[in-house]
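What follows is a set of notes on a single structure, which appears directly below.
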Amino acid sequence: MKLVKASGFVETRSSHARKIVWYYKKKIDDCFNYHTFLESSNDELINLLKLLSVNHPIKYNLKLESTFKRPHVDNLSETRAFKIIAKEIFTDKDIRNVIEKDFTRFLHEEDEYIGKGSGFTLEYMDGLLLGVYK
């Protein structure tokens, strides 16, 4: 994922004769919170999923990768990924509504993680990983 330098979703790998394809959107701008990053990714993700599901149904999953740190403690950071389980998309499915629910879940998971009293706070967001299965 460190090799991704471009903005937007970039294909990073595929397997099983392209039946599984992975895309990654690296956070490269100055957005400092999940809401802003997800909002800026929304339309591009929806358009990509629409394009990929035109000819046949697909499944997709999302993973939002971040690094958290504990303030005032040196060298204590933790890489954390919030995941959305694989879901089906058919050509007639309302993709926008599905993605909005996924993004709401990400925000809820972040709130739960920070609210557990661990003392960790968001240091930076790495990016959003999209897996697409034919």
Honestly the chain on the Cα gyration tensor test (a ≥ b ≥ c root eigenvalues; a/c under 1.5 rounded, otherwise a/b vs b/c for prolate or oblate) is just prolate
For S53, other-chain or 5+-apart residues with amide H closer than 5 Å (H placed, Pro excluded) are none
Once D126, D94, D74 are ranked on solvent-accessible area with the largest value leading and a 1.4 Å probe, the list reads D74, D94, D126
Comparing L107, L48, L64 in a Gaussian network model of the chain (Cα, 10 Å), the one with the largest mean-square fluctuation is L48
With the 1.4 Å probe rolled over protein heavy atoms, the chain has an accessible area per residue in Å² of 61 Å²
Taking placed amide H atoms and a strict 5 Å upper bound, the residues 5 or more places from G127 or on another chain that come that close are K27, E65
Of all stretches in the chain that avoid chymotrypsin sites (Phe, Trp or Tyr not before Pro) placed in a DSSP loop and having at most 16 other Cβ atoms within 10 Å, the longest is 33-89
Under 5 Å from the placed amide H of T12, counting only residues 5+ away or on other chains, we find W22, Y23, Y24
SASA check, V132, accessible area w/ 1.4 Å probe, all protein chains in place, rounded to nearest 10 Å², comes out at 10 Å²
Rounded to the nearest Å, the spacing of the alpha-carbon centers of the range 13-67 and the range 86-117 is 12 Å
The answer for trypsin sites (Lys or Arg not before Pro) in the range 46-99 that fall in a DSSP coil and have at most 16 neighbouring Cβ atoms within 10 Å is K93
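The values are calculated or read from the model by the stated rules, or taken from the named source; none is laboratory data. The structure presented is a predicted model; accordingly, all values stated were derived computationally and were not measured. Glycine also receives a Cβ, built like all others from the backbone with ideal geometry; neighbour counts cover every protein chain displayed. Heavy atoms of the whole protein, side chains included, go into the accessibility calculation; ligands, DNA and RNA do not. Shrake-Rupley method; radii C 1.70, N 1.55, O 1.52, S 1.80 Å.
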